[in-house]
Amino acid sequence: MKSERGTMREIHTERRWAHEMVLAILALAAATWAEEQGDSHAGDVHEQEIVQLNADELHEFGIEVISATGGTLKVYLALPGEVVPDPDCIAHVVPRVPGVARHVHRAIGDVIRTGDTLAVLESRELSEMKSEFLVARARASLAQSSFEREETLWRDKISSEREYLAARQGLAEARIEVRAAEQKLHAIGFSETDLDGLAFHVDSSFLRYVISAPFGGVIVEKHLALGEFVDVEESAFVVADLSEVWVELSVYQKDLSRVRTGQDVLVVDTQTGAEAWGRISYMSAMLDEQTRTATARVVLANDG
């Protein structure tokens with residue numbers, strides 16, 4: 001019996017100890033929760049503190065107090081682009097007659113003006129066209145004199161009408177030959193003044209053909225060297241007017257509804273940081289089959 005009672009007391013003691021441990025844990029948890037709640041309320045009190053600044057302090061720190069109102073938010077869209085010259089301002093300068101370069105006056109990067117001499121050729125074909133014109137003009141002059149003589153004789157009843165008509169036909173044919181020879185020279189750039197001053201010479205000027213700049217700009221390509229033969233199908237120079245350039249932007253399909261003509265665009269060079277403002281002047285109506293993008297064009301002045 002003593003042994004059983006001793007055992008019962010031990011069990012009762014262990015249960016009491018366990019009960020006290022549970023109460024201690026609950027008390028510790030309650031204390032921790034109270035501390036956290038106190039810190040939270042303390043933070044709320046701290047956040048609700050009001051900072052008051054006078055007019056001088058607001059001015060010093062650049063703070064402006066205004067009433068909240070409605071407005072419009074601007075949405076910016078970043079797009080990749082490429083700067084290219086205006087295709088209408090690029091000229092592939094080809095000679096209008098074949099020839100051999102005797103003088104080359106310009107190089108890549110040179111700034112030129114309209115009419116500047118780029119190179120001088122010696123052309124056998126040009127010499128033949130000039131000779132044809134001069135011969136036709138001389139024949140026309142003789143035909144004119146013959147016609148005037150026959151016309152006078154016919155009116156004076158000295159010669160027959162047949163001879164008069166033959167002289168008139170010869171004059172008409174001579175004039176046609178002159179006109180045909182003139183058109184050939186006009187086609188390669190000769191003016192009426194050039195034709196009036198044209199005459200037979202034995203020097204090299206009779207073979208001389210000048211390649212001139214069609215407009216002002218910069219020489220971006222050169223395919224002619226001294227002594228080189230150049231044909232009418234070969235580009236001797238490429239001239240570009242870079243006073244204005246195009247910026248072609250690639251507009252992704254998902255952004256098509258956000259881009260339209262007339263929008264302002266800030267063009268930024270990612271390499272140098274240079275910036276320029278422009279406006280979209282053209283928006284393509286078709287998507288590129290490979291990239292699935294449309295092209296938006298911005299025209300920029302290139303004064304520098």
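Tell me whether segment 279-291 contains one or more residues that are part of a strand (DSSP E or B), of a type in the set (Phe, Trp, Tyr) and either touching a Lys or Arg at 6+ places or on another chain (Cβ under 8 Å) or over 30 Å from ARG102 (Cβ atoms) (or both).
Initial filter on segment 279-291 (part of a strand (DSSP E or B)): 279-283.
Adding the requirement that they be of a type in the set (Phe, Trp, Tyr) leaves 282.
Then keep just the ones that are either touching a Lys or Arg at 6+ places or on another chain (Cβ under 8 Å) or over 30 Å from ARG102 (Cβ atoms) (or both); that gives 282.
Yes, some residue in segment 279-291 is part of a strand (DSSP E or B), of a type in the set (Phe, Trp, Tyr) and either touching a Lys or Arg at 6+ places or on another chain (Cβ under 8 Å) or over 30 Å from ARG102 (Cβ atoms) (or both).
Can you tell me which of VAL210, VAL230, VAL220 is within 12 Å of SER123 (Cα to Cα) and surrounded by fewer than 16 Cβ atoms within 10 Å (Cβ to Cβ)?
On the way: VAL230 fails: surrounded by fewer than 16 Cβ atoms within 10 Å (Cβ to Cβ); VAL220 fails: within 12 Å of SER123 (Cα to Cα).
Exactly one residue qualifies, and that residue is VAL210.
Matching residues to (1) farther than 30 Å from PHE229 by Cβ; (2) open to solvent by 80 Å² or more (accessible area, probe 1.4 Å):
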| site | (1), (2) |
| --- | --- |
| GLU125 | no, no |
| ARG139 | yes, yes |
| LEU142 | yes, yes |
| GLU148 | yes, yes |
| LEU153 | yes, no |
| GLY170 | yes, no |
Just wondering, is there one or more residues in segment 108-123 that are surrounded by 12 or more Cβ atoms within 10 Å (Cβ to Cβ), modelled with pLDDT under 90 and either over 52 Å from the mean Cα position of the chain (by Cα) or assigned to a strand (DSSP E or B) (or both)? no
Given the conditions (1) among the β-branched types (Val, Ile, Thr); (2) part of a loop (DSSP other than H, G, I, E, B); (3) surrounded by 17 or more Cβ atoms within 10 Å (Cβ to Cβ), report the number of the one that VAL265 does not fulfil. (2)
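Give the residue, chosen from ALA91, ALA30, ALA101, that is at pLDDT below 60, surrounded by 10 or more Cβ atoms within 10 Å (Cβ to Cβ) and among the hydrophobic types (A, V, I, L, M, F, W, C). So that I can check it myself, show each step before the final result.
Details: ALA91 fails: at pLDDT below 60; ALA101 fails: at pLDDT below 60.
Every option except ALA30 fails the conditions.
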Inspect segment 87-100 for any residue being on the phi < 0 side of the Ramachandran plot, assigned to a helix (DSSP H, G or I) and touching a Gly at 6+ places or on another chain (Cβ under 9 Å) and give the result as yes or no. yes
I'd like to check something: does segment 159-168 contain any residue that is modelled with pLDDT under 85, part of a loop (DSSP other than H, G, I, E, B), out of contact with any Gly (no Cβ under 6 Å at 6 or more places or on another chain) and farther than 30 Å from VAL94 by Cβ? yes
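The values are calculated or read from the model by the stated rules, or taken from the named source; none is laboratory data. As the structure is a prediction and not an experimental result, all values here were calculated from the model. FYI the Cβ positions are ideal-geometry reconstructions off the backbone, even for glycines, and counts take in every protein chain you see. We work out accessible area using only protein heavy atoms, side chains counted, and drop any ligands, DNA or RNA first. Shrake-Rupley method; radii C 1.70, N 1.55, O 1.52, S 1.80 Å.
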